Amino acid sequence: MSNRVINWFRYASPQTFYPLAGKLIPWFWALAAIFGVAGLSIGFLLAPTDAQQGEGYRIIFLHVPASWMSMFIYLVMAFWAGTGLAFNTRLSGMMASALAPTGALFAFLSLWTGALWGKPMWGAWWVWDARLTSELILLFLYIGFIALQAAIDDPRRADKAGAILALVGVVNIPIIYFSVKWWNTLHQGASVSLTKAPSMAAMMLWGMLLCALACWMYSIAVALMRVRTIMLERERHTDWVRALLGERE
Amino acid sequence: MHWNSLGDFLAMGNHGLYVWGSVAVMALLMVAEPMLLRRGRKKLVARLKRQLRAERSEARAASEPLTTTRRSHG
């Protein structure tokens, strides 16, 4: 048995993680495309009209996955930031930095699609209610994290400063998630939650879940692409990067 | 299939602008991000290779025996 155990810590070094990530990226792109085509076909071609919101509700197939990703990526980013702070591992900080721009992208898309959904349904692009405001704060947290890291020259110090910001900001995630319960808000409650059966047609639910899966795969693919670039940049003086660059000449 | 015609599909029950406005921006950003990453990576690799070549040729020049042209520098 014991000789079959994979040494996972081996992959914690950039040198071994770099080629592994390179091999995985095309697979995540393929999965993102498959889930995306399936989810959008169900959502935009097959799913029935919503009884209250007509066809405009179809924004849900973009809005909900984008919002979920914006929150989830933040948790993963904070996890890596915290790991880096606690164990001082090289890869952790790189992972956190690689995730931030993609998280910011999804936070922006969540607000954008939300505004385009809010206008026809509520009559307003924007309202300062708990859900929308806390999501906007999430976008600012991402931007703050990126700006803070960009402002510090030494990458290890930039990682530490960013990690503290990321960890403090985690408090915002449950606020976003529970905001529709805790406060009276214009934003509708959760259509899908962990505690009760979803309040939507099966077809709509499947479309949404497949779109969410596509966003997951997209995020992983893009984060791996970015972490590889960060690795090359930060480890440019090491033997393995030099060997890699020398090979490709 | 839920739709009767392409026109119906594009109109989205008079919510076309909102629905397609969401789709367009999301698609645009999700195509742009990996493209920018690819470009950034190519640029970085090219820069690092240039640096590596420069370092190597410097090292070679330093280890070569002195030639007449080099000696003339004093």
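In table form, for the structure just shown:
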item: Modelled FRET efficiency - R0 51 Å, A:I164 with B:N4, Cβ distances, 0.05 increments; result: 0.35
item: Estimated [θ] at 222 nm from DSSP helical runs (n ≥ 4, -39500 (n - 2.57)) normalised by residues in chain A, nearest 500; result: -25000 deg cm²/dmol
item: 10 Å Cβ shell holding at most 12 others, DSSP loop, trypsin sites (Lys or Arg not before Pro): longest site-free stretch of chain A; result: A:1-195
item: Backbone HN-Hα couplings from phi across the range A:142-148 [Karplus 6.51/-1.76/1.60, Hz, Gly and Pro as x]; result: 4, 4, x, 4, 5, 5, 4
item: Reachable aspartates and glutamates from B:K43, criterion Cα separation under 15 angstrom, eight or more residues apart if same chain; result: A:E233, A:E249
item: The range A:110-249: translational diffusion in µm²/s, Stokes-Einstein, Kirkwood Rh over Cα pairs, 4 °C, 1.567 mPa s; result: 69 µm²/s
item: Unit charges at the beta carbon, dipole of the range A:29-247: most positive-side option, A:V222, A:A32, A:S92; result: A:S92
item: Of B:L37, B:A62, B:L10, farthest towards positive along the dipole that unit charges on Lys, Arg, Asp, Glu beta carbons give the range B:6-71; result: B:A62
item: Total charge dipole magnitude, chain B, about the Cα centre, Cβ charges on Lys, Arg, Asp, Glu only, Debye to nearest 20; result: 860 debye
item: Cβ neighbours within 10 Å from other chains - mean over B:48-57; result: 3
item: Kirkwood Rh, Cα atoms: Rg over Rh of the protein assembly as shown; result: 1.09
item: Extension gain (nm, one decimal) between B:A61 and B:V31, 0.36 nm per residue minus Cα-Cα; result: 6.2 nm
item: Rounded to the nearest 20 debye, dipole of chain A from Cβ charges on Lys, Arg, Asp, Glu; result: 440 debye
item: Shape box of the range B:6-71 [Cα atoms, principal axes, largest first, Å]; result: 83, 14, 14
item: For q = 0.17, 0.30 Å⁻¹, Debye-computed log10 I/I(0) when each Cα of the range A:197-238 counts as one equal scatterer; result: -0.59, -0.92
item: Spatially proximal lysines relative to A:K181 (Cα-Cα < 26 Å; intrachain offsets below 8 disregarded); result: A:K119, A:K196
item: Under Karplus coefficients 6.51, -1.76 and 1.60, residue-wise ³J(HN,Hα) of the range A:210-218 in Hz, glycine/proline x; result: 5, 5, 5, 4, 4, 5, 4, 5, 4
item: The range A:1-144 - charge dipole about Cα centre, Lys and Arg +1 at Cβ, Asp and Glu -1, debye rounded to 20; result: 560 debye
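Each value in this text was obtained by applying a stated rule to the coordinates, not by laboratory testing. Since we're looking at a predicted model, the values are computed, not measured. Virtual Cβ from ideal backbone geometry, glycine too; neighbours counted across all protein chains shown.
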